[in-house]
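Scroll down for the structure; my scribbles are underneath it.
The values are calculated or read from the model by the stated rules, or taken from the named source; none is laboratory data. All figures in this text were calculated on a predicted structure; none of them were measured in a lab. When we count neighbours, we look across all protein chains shown, and the Cβ atoms used for this are built from the backbone with ideal geometry, even at glycine. Heads up: the accessible areas ignore ligands, DNA and RNA and are worked out on the full protein's heavy atoms, side chains in. Shrake-Rupley method; radii C 1.70, N 1.55, O 1.52, S 1.80 Å.
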Amino acid sequence: MIEKTFDAPSVEPRLYAQWEASGVFAPTDDPAAEPFSMVIPPPNVTGSLHIGHALNNTLQDVLIRFARMRGQAALWLPGTDHAGIATQMVVERQLAEAGNISRRELGREAFVEKVWEWKARSGGTIVRQLRRLGASCDWSRERFTLDEGLSAAVRKVFVTLHRQKLIYRDKRLVNWDPHFQSAISDLEVEQREMDGQFWHFAYPLEDGSGEIVVATTRPETMLGDTAVAVNPADERYQDLVGKCVRLPIAGRPIPIVADDYADPEKGSGAVKITPAHDFNDFKVGQRHRLPMINIFDPAARLNENVPREYQGLDRFVARKKVVEAMEALGLLRGIEKTRHAVPHGDRSGAVIEPYLTDQWYVDAATLAGPAIRAVEEGRTVFEPRVWEKTYFEWLRNIEPWCVSRQLWWGHRIPAWYGPDGHIFVEESEEAALAAAREHYGRDEPLRQDEDVLDTWFSSALWPFSTFGWPEKSADLARFYPTDTLVTSFDIIFFWVARMMMMGLHFMGEVPFRRVFINALVRDEKGAKMSKTKGNVVDPLELVDDYGADALRFTMAALSGQARDIRLSRQRLEGYRNFGTKLWNAARFCQMNGCARVEGFDPASVQAPLSRWIRGETLKTAETVTAALNACAFDEAAGALYRFVWNVFCDWHVELAKPILGGADEAAKAETRAMTAWTLDVILKLLHPIMPFITEALWEATAEEGPPRDSLLISAPWPDLPETYADPEAEAEMALVIGAISEGRSVRSELNVPPSARPPLLVTEADARRRRILGDNASAIGQMLRIAEIRFDAAAAPGAVPFLAEGAAFALPVADHIDLAAERARLAKEVASLAGDIARTTGKLANADFVARAPEEVVEENRERLAEAQTAKARLEAALKRLEGVG
């Protein structure tokens, strides 16, 4: 028996445990089943489920459940990322809190052991949280980017690329985090708007004939300047190109070079060039073969390459000292306040320095070529397609990829150094020692590189390393390439492009055939969520309050392509109510004997209501199937919502009530069987999006009728024949529904009291329409709250006319309302809405308002305008109905 309410907190964990225990998350071993595979974007092992995870994993789970029910060998492979900096920071903080111990005091081996201990104790949080969301991953295949199999793959790839001269060591600029004393990726750099200053310094010409003024927000870097650049077209400086200025404080002569990087329109038009500490300056330095002087040590203190009195100073202390010195020298030409973006480490919070250092690099430009062609040729397709442009722009302008990190937690670089600095890159220490023996002619001690690999390096191998590569495993042969990758736009370059490069290079095939870029989840006003704004939403709190199904349906329903998601509790409440609506409808069906019948064939039904709901079910199944195939999650959710709420609950169930309460036993039997069949199809179609409530109803309705063959999660997807469509029944029910809907609109718009029971006058209708209306008079009377249906009746005074599906009707309401008062009320409301529309239209036509107002405010005004226009049109139609009614 179906319980009165769906108790999500108790039912969801029980059902998930049942699914997992059944082994259904693993792909079928049927060799005839078509493979469908996805790899989860591995969340950081340190992480907790955030709203972006909830969206991304909901959409993946919808796809895998859909594929599983369609009989495919569906594999969703889960795992977590070792998250180098994030994890190391967590453990370092714990050590500091426990006894003020630093990792360097502890030593590398002991520290890494501490991290493994932490991972065993606390690293599974997000995996448990994904289960709460309903993620049906094959947990028996769960991987970790530092497990032995993946580590072997990482070493194999590094060594292979090195031998192919696609990995090399070079001295280049990197984003340097002085707190971690490590290079970090662009994704780990956070730009923060800060108040700062431009200091304008004069650099005297070496021959004493004048000066050039430059400006900087980082005065301390002037000690590493090796040139001043001017634009070759800038007539002010053409005679100075090739000459030198004397760098103040340092006393070095540095050249004046001509370079397009200098903008004549900005400041003096001259730019100080510090190749070792600015990415743009680095390129200028390369073009002009300038010296590159690194003035910082790893902790961002000034080093031996600056005058003695500055050595050892923190960069910000040195900044103040440089400004004071320039002022004392009479070379400070001005100070200008500014507001500018300053790069910070997203984990450490430290100001990031461009830093010249020796690192390991991947020749990304060479690997990018095949990755570009694969998308150009359509072997991998982006959805929405607009993201292909972003992919191409990044790959066509790609720089060498710095893959080394000065950390201890991660894949240690498989490179060993001999006594003379010769580098041996091998998959193991034994192989490196053997290579050294061959190189030197004797055994020599080797020192392994201290650095680890960028986390994104191992993640780039995820689609094939997780299936067992470099071994030729059965999973690799069956499930690579994967079908769909669901991910967010911000890692198209950092992860998607690199997986494409590595997959094509090592597997000879794209790693996935389709990339679906999910939207960004914003708050209900359209603002980006952030801790500082206090608008961050905890998805687990939403699961506690509304159930996992409501959150999942919200995510799917709002996941329209090329638009962000505005998440509000009102939406969640609405979709929870949708689940409640279905639950109550199922209870009604059960209480009225609507049970599955052995051998029931929907093709055999005779009643127009049964034939109509069969056709509507077919249309919905076709729409949902096509939408899920296309990753159009919002279209699938929208079709299901409309069908369940508006078609099945509001119309089929209500129209079935007079039949179920009538005396015709054959009609009742058919209606019960057809209703039970339709409910079963609904549960199947809705299951990928709302798995818990549908499985619970599948279980609760198993008591009546023939035994269930399986859990709903593995039940076959509806594949309904086109012959279920019935245009004749569709037209017949359209008339019934139209008469009721239009009649209800009249009652609602004119405030006709619910207790009023006027007759429904059919003023114009052919014989077929009269028959249909007569056959359904009981249902129409009950749902429209009318006393009777009268045919061939002229519209009486005080009767409001309306049309529906080729028939003309009138509803006498003058005895129940004050027509003059209703006209006045409607006219007043129309005028009020017209005023609102005019004001809002004026705002949106104001270019200054649109440019200055926050995006969410502009969007709110657009929505308000659309709502007012719709309401005004509805009320104007009501006024028009009253024309000539006396």
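Per-structure values
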quantity: Two-decimal ratio, region 14-73, of alpha-carbon radius of gyration to 2.2 N^0.38 Å; calculated: 1.30
quantity: Carbon/sulfur fraction of accessible area - region 642-718, other protein chains in place, 1.4 Å, %; calculated: 54
quantity: Relative contact order (%) - region 470-547, alpha-carbon pairs under 8 angstrom, separation at least six; calculated: 29
quantity: Per-residue ³J(HN,Hα) for region 594-605, Karplus 6.51 cos²θ - 1.76 cosθ + 1.60, θ = phi - 60°, Hz, x for Gly and Pro; calculated: 7, 10, 4, 10, 4, x, 5, 10, x, 5, 8, 5
quantity: Positive-end residue of Ala821, Met1, Ala630, charge dipole of the chain with Cβ unit charges; calculated: Ala821
quantity: Check: the chain dipole with +1 on Lys, Arg Cβ and -1 on Asp, Glu Cβ, in debye; calculated: 1140
quantity: Cβ crowding within 10 Å averaged over residues, with 26-39, 657-670 ranked highest first; calculated: 26-39, 657-670
quantity: Cα long-axis angle, helix 84-99 against the chain (0 to 90 degrees, to the nearest 10); calculated: 80
quantity: Gap separating the Cα centres of region 206-285 and region 587-630, nearest whole Å; calculated: 77
quantity: Within the accessible area of region 120-228 (1.4 Å probe), percent carbon and sulfur; calculated: 46
quantity: Cα-based reach from Lys525 at 13 Å (exclusive), listing aspartates and glutamates while leaving out same-chain residues under 8 positions away; calculated: Asp564, Glu855, Glu856, Glu859, Glu860, Glu863
quantity: Region 812-886: proportion of alpha-carbon pairs further apart than 22 angstrom, %; calculated: 40
quantity: Å² of accessible area per residue within region 443-576, as computed with a 1.4 Å probe and no ligands counted; calculated: 38
quantity: Probe 1.4 Å, protein heavy atoms only - accessible area per residue of region 35-130 in square angstrom; calculated: 35
quantity: Signed unit charges on C-beta, dipole axis of the chain, positive-most listed residue Met500, Thr870, Ile837; calculated: Ile837
quantity: Mean separation of Cα contacts under 8 Å (6+ apart) over length of the chain, as relative contact order %; calculated: 12
quantity: Burial order of peptide ranges 154-162, 584-592 (average beta-carbon count within 10 Å, highest first); calculated: 154-162, 584-592
quantity: Between helix 727-749 and the chain: long-axis angle, C-alpha atoms, 0 to 90°, nearest 10; calculated: 90
quantity: Inter-part distance where region 725-791 and region 408-470 are each reduced to a Cα centre, Å; calculated: 80
quantity: Among beta bridges that DSSP assigns inside the chain, antiparallel share in %, nearest 5; calculated: 70
quantity: Compactness of the chain as Cα Rg over 2.2 N^0.38 Å, two decimals; calculated: 1.22
quantity: Rounded to the nearest 20 debye, dipole of region 221-267 from Cβ charges on Lys, Arg, Asp, Glu; calculated: 360
quantity: Farthest toward positive dipole pole in the chain [+1 Lys/Arg, -1 Asp/Glu at C-beta], among Ser185, Ala374, Ala26; calculated: Ser185
quantity: Free-standing Cys, the chain [no other Cys Cβ under 4.7 Å]; calculated: Cys137, Cys244, Cys402, Cys631, Cys649
quantity: Stretchable slack from Thr338 to Asp815, in nm (0.36 nm times residue separation minus alpha-carbon distance); calculated: 164.3 nm
quantity: Extended-chain gain in nm, criterion 0.36 nm per residue less alpha-carbon gap, Glu471 and Trp394; calculated: 24.5 nm
quantity: Unsatisfied cross-links (Cα-Cα over 30 Å) in the set Lys156/Lys283; Lys243/Lys283; Lys4/Lys684; calculated: Lys156/Lys283
quantity: Reachable aspartates and glutamates, given that their alpha-carbon falls under 15 Å from the alpha-carbon of Lys828 and they are not under 8 places away in the same chain; calculated: Glu749, Asp836, Glu876
quantity: Degrees between helix 364-376 axis and first principal axis of the chain (Cα, 0 to 90, nearest 10); calculated: 20
quantity: Highest to lowest packing among 623-629, 330-336, 209-215, scored as the average C-beta count within 10 Å; calculated: 623-629, 209-215, 330-336
quantity: Mean separation of Cα contacts under 8 Å (6+ apart) over length of region 774-822, as relative contact order %; calculated: 24
quantity: For Asn175, distant residues with modelled amide H under 5 Å away; calculated: Ile184
quantity: Accessible-area composition of region 347-417, carbon plus sulfur, in percent [1.4 Å probe]; calculated: 48
quantity: Qualifying lysines (Cα of each under 27 Å from Cα of Lys321; at least 8 residues distant if same chain); calculated: Lys266, Lys272, Lys337
quantity: Theoretical gain in end-to-end length, Ala756 to Asp601 [0.36 nm per residue, Cα-Cα removed]; calculated: 51.6 nm
quantity: For region 684-788, size of Cβ-based charge dipole, Lys and Arg +1, Asp and Glu -1, in debye; calculated: 600
quantity: Inter-part distance where region 815-886 and region 24-45 are each reduced to a Cα centre, Å; calculated: 52
